[in-house]
Structure formats: C-alpha cells, structure tokens
Amino acid sequence: MEHAADTVPEVEIKCSATLKPTANTAVKCLKCDKVYIFPADKDDCLAHLYLEHRLVIADVEDIALLEDYLQYWEKEFHSHEFEQYCTTMFLDQLPDGTYARNEKYYLLCDILPQDYELRQRLREQRLRTALERHQFELTDRNFSKECLFCRTVIQGLRADYLDHLFDKHFLLVGKPEKLVYVDELLNQLEANLNQLVCLYCEKIFKDRTTLKEHMRKKGHKRINPNRREYDKYFLINYNRAPVATPRKQQHQRRRQPSGSMPSDAENVSVDFDKHFSRPDSEGEHDSDWSDWAGDGEPHSLKCLYCPHLTEHFAGLKQHMIDGHSLDFDAATSALNFYQRVKVVNYVRRQLCMRRCVSCDLQFDELDLLTQHMAQESHCGIGERSSWDKPEFFFPYMENDGLLCVLDDTADDEPDADVVRIISEDSLAQINKDAESLSLENFKL
C-alpha cells in the first residue's frame, strides 16, 4: 500500500515459508538494554515498556510480526526520543495506579504515517509468508506422521492425514485448503493428548482411556475455536484487517490521496473462498467456526415429546414426568450411556416423522400424534429392537443439548476414585458399529 506524501525506510523482515509463523526471537527493549524472548515474554515486555518507560503501543494485538515491529522501533528510538514519534499524554496517576498530577505518558500508534506504513508492510509480509507455506503444504508429498490415535503412519499429502483423522476417528481439525502451518498444529494437538488434556475443554485426565472416553462422549474431538492461539493455523485470519475505530477511519480518509481505491478495497488482498475452497465445501468462512456457541455446548434442552425448552436437565426430567408421565431416569436406568444416546435419537426421529414412539403408528399431523400418545400413554422410549441400531449413534437434531447431559445423573456418575469399566465385548461391538458407518454415506 502506498500513500502520496509519506515514505518509510524499508524494513528487513526475516521470515521463511518453511518455518513456523513465530519462533523464539530475542527482542531488546526500545529504550534500555533489557532483552526478552518472544513469544513467551511478550506480556512482560509490554508491561516493562509501560511501567518503566511509560510507553503504550496502540492496538498491539493487531500488529503482525510484533517482534519485527519492536526491532524496527528499537533502532529508531536508539537515536531519537519518544517525543519525536509518539503522542504525548498527561494523566493524573503513576503507572502503578497511585494518584499524581500531570504525569507524562507516550502513545505509539498508526496515526503516525511511518507507523501506519510499517504495520501495513508487516501485515502484507505475514500474508505472503503464510500463502507460500500454504501452497507448499498442499503439494508436498514428503509428509509422514503417525496418527494421533492409532499406530497408522500416513505418508504423502497432509490432506490425507487430516482426512484420516476425520474418517477413522471423527476428529475435526479443519479443511486442508483452509489450514496453514499444519505441522505445528498437529504437534500442538499431539502434545496436548500426551499430557492427557482434552483438545476442546482442556481439562486434564488421569489416563488416556478416560480422556478418550470423555472426548467421545462429549463430542470434544475438535479444537477450541475460542482460543486465539489457534488463529494462526487458519488461513482466513491472515486476510482480516483490524477493525477500524471511528478515529482510525477519519484519519485514514484524511490521509488517502485522491483517485486511490477506498481503504476497504485496499485491505482485500486475496479472496480465499474463491481461490482455495474445494468444490464440495459448504458455506463460507466456516474455518473460523464463528457460529459456534461461546461455551461450547447448547444453551437449552428440548423436550423429547413437545417444544418445551429448559436450561437444566433436572427441570427437563421433571417436565416429562408432569407433562408426559415419563420418568426418564427410571425408563433408562438399565441402559448405559451409548444406549441412552440411541434412545434420544430414535425418539427425535419418530416425532419428526410423525410416528408414535411406542406403536409406530403414522399420523398426518403432529397435533394428532401428540394427542394419540397422550391418550394411549405412549410417551415412552419404544421397544429395544426399534432403537438399538448403529444408525442412532448419530444425532438426529442439530446441536441437541440433551445428548451432552445424558451422563449427568446420579446413577451414572462414578466416584472420583473409580474408573468406569465397559466390557470388552460391548466396547468392541460399539467401536465396530460406529466405525463401520460413514458420515458421508449415512442416510436415515
């Protein structure tokens, strides 16, 4: 990006497409001889600048390649004072919060043309580096790595490895065409699993068996989209411009030369969905998972037999007793977790198809079905032969919160020091049934 009147010395940026986006880099303080190792000491460095030198860097989280940014300004401030580049502010407090009159502070921000150009150049450099690495990962056939869950060694494309994780273990990491720095991401996931940390909720478990059971039951075979540490692995994040505040917008319009493109058009470098999405990809910008619930699980639980919603499982069970004469705990007391999952998905499907849960009688209208089930006391869970099928392992209703709380019952919750044991025959049959199905070929 170029501006009419402002010129900035070229910034040497040392990055390689074959390296991680950030590595351990020594960064010297902008004003003293103290050295910090990035990215581990990033917060300590910024705190030191504020407490010792009273310098604040605006929008620091939006700066690409922060290490290079600080190294550039360290050279500038080596021979210049803060006042020559920074906005001076006077506040009535010391850095530790103690009251004081007219204390001087410095703000380094992109209102300064030189700082603005530097941030833009670093952002474009980071994007180019990510695109080069992305292209390499899509075509490199020398990749080889053992699966995170089984002993299979996948060789060839990284896309084959990601497809194996999803097809065989239902682990959703992301689409290969929308990921970058895949090796680092897989190493991070492997380190978490070796430390017995759940990939999604990040709880720590006492052994690998318990961890795998938790991730399978809770649907936590996915990474946490709310962790900013994972942003660098999704290519779309490299093309997102920082959100402009009214102050920034006004200042950028004032600096923009006549006849140039609008700032929004300048910020758009690559249409990622146009150039990198596969023909069978669904929707746009799904790699950031921005439509997921913030806490990772649905906020409401829907009754099995009517549209009633509640936030607590205990309240839902009481509603089914009062409104439908069904004691859910009693009806499913002899069933394990997997069987209760099948029951819920079976009942959901029957109601959607307007079929009675108990007698399988078909109705043309949902009101007639509801009336029939109430009069005949057919609000049950049906015969075992009807619901005990592998197809009911999979949710029939999207984001069904009831499936997430099925094990939250007194009888099903083990003591803290007791490990739940499932017979080998039952577990083998469950795994065989589940892995024999494909999410792509599965049809109700």
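The values are calculated or read from the model by the stated rules, or taken from the named source; none is laboratory data. Every value quoted in this text rests on a predicted model; they were computed, and no experiment measured them. We place every Cβ from the backbone using ideal geometry, glycine too, and count neighbours over all the protein chains shown. We work out accessible area using only protein heavy atoms, side chains counted, and drop any ligands, DNA or RNA first. Shrake-Rupley method; radii C 1.70, N 1.55, O 1.52, S 1.80 Å.
Numbers below:
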{"item": "Filter result for ASN192 (part of a helix (DSSP H, G or I), among the polar types (S, T, N, Q) and buried (at least 16 other Cβ atoms within 10 Å of the Cβ))", "result": "yes"}
{"item": "First in segment 76-104 and outside the structural domain of LEU30 (by the TED database) and at pLDDT 90 or above, second anywhere and open to solvent by 70 Å² or more (accessible area, probe 1.4 Å) and acidic (Asp, Glu), Cβ under 7 Å, 6 or more apart", "result": "none"}
{"item": "Segment 198-209 residues that are surrounded by fewer than 16 Cβ atoms within 10 Å (Cβ to Cβ), paired with ones that are not in a loop (DSSP other than H, G, I, E, B) (beta carbon under 8 Å, 6 or more apart)", "result": "CYS201/LYS218; GLU202/ASN192; LYS203/VAL197; LYS203/HIS214; ILE204/VAL197; ARG208/LEU193"}
{"item": "Pair list, Cβ < 8 Å and 6+ apart or interchain, from segment 338-351 residues that are open to solvent by 10 Å² or more (accessible area, probe 1.4 Å) to residues that are of a type in the set (Asp, Glu)", "result": "GLN339/ASP388; LYS342/ASP388; ARG348/ASP400"}
{"item": "Residue check, ASP110 open to solvent by 70 Å² or more (accessible area, probe 1.4 Å), out of contact with any Gly (no Cβ under 7 Å at 6 or more places or on another chain), part of a loop (DSSP other than H, G, I, E, B) and in the same structural domain as LEU46 (by the TED database)", "result": "no"}
{"item": "Meets criteria (modelled with pLDDT under 85 and of a type outside the set (Phe, Trp, Tyr)) for LEU406", "result": "yes"}
{"item": "Which listed residue, of TYR69, TYR50, TYR36, is modelled with pLDDT of 90 or more, among the aromatic types (Phe, Trp, Tyr), over 17 Å from ARG119 (Cα atoms) and open to solvent by less than 20 Å² (accessible area, probe 1.4 Å)", "result": "TYR36"}
{"item": "Residues of segment 120-166 that turn out to be part of a helix (DSSP H, G or I) and open to solvent by less than 50 Å² (accessible area, probe 1.4 Å), as a count", "result": "17"}
{"item": "Out of GLU398, GLU365, GLU383, sole residue that is open to solvent by 60 Å² or more (accessible area, probe 1.4 Å), out of contact with any Phe, Trp or Tyr (no Cβ under 6 Å at 6 or more places or on another chain), closer than 18 Å to CYS303 by Cα and in the same structural domain as GLY315 (by the TED database)", "result": "GLU398"}
{"item": "Residue in segment 245-254 that is modelled with pLDDT of 85 or more and assigned to a loop (DSSP other than H, G, I, E, B) present", "result": "no"}
